[in-house]
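One structure below.
None of the figures in this text is laboratory data; all of them are computed from the coordinates on show. All of these numbers come straight from a predicted model, not from anything done at the bench. Cβ atoms come from the backbone with ideal geometry, glycine included; neighbour counts cover every protein chain shown.
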Amino acid sequence: MLLQMVNFITRPMVHHLFVISNAGLQEFIELGYKTKVSKIPLGFDSKLFFKDELKRNEKRKELGLSHETVIAYFGRMKFQKGIHILIEALAMLKGPFVEIYAGLF
């Protein structure tokens, strides 16, 4: 109820919203922002981020990893990011793997 009241008051003041996911887009459409919301997906620069087997193998050797599967998380270590779900899911996996977590708390 409170969200609906706030939305009713603030919606006329909003010129446009930008979201990064279909879920966010749908949420704001349902709140009545039909023509005031656009999705801009996250992207990356393929010139900066690309697969380099030589560097990959060098880094694996440096870290003492041979053929283990590596599962990495890079991001904020906040509950809202669902890191707890990742940790629970990893506990269910079978087989050898290495976990790497990097981010800010």
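Values as computed for the structure displayed
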read-out: Cross-chain or 6+ apart pairs with Cβ under 9 Å, the stretch 19-35 first and within 19 Å of residue 1 (Cβ to Cβ), then in a helix (DSSP H, G or I) and aromatic (Phe, Trp, Tyr); value: 32/8
read-out: Complete set of residues in the stretch 57-81 that are acidic (Asp, Glu) and assigned to a loop (DSSP other than H, G, I, E, B); value: 68
read-out: Where a residue in the stretch 55-73 is in contact (Cβ under 8 Å) with a residue 12 or more places away in the chain and its partner, wherever it lies, is of a type in the set (Ser, Thr, Tyr), with Cβ under 6 Å and at least six apart; value: 73/101
read-out: Positions within the stretch 47-86 being touching a strand residue (DSSP E or B) at 6+ places or on another chain (Cβ under 9 Å) and not charged (D, E, K, R), in sequence order; value: 63, 65, 69, 70, 71, 72, 73, 74, 75, 77, 83, 86
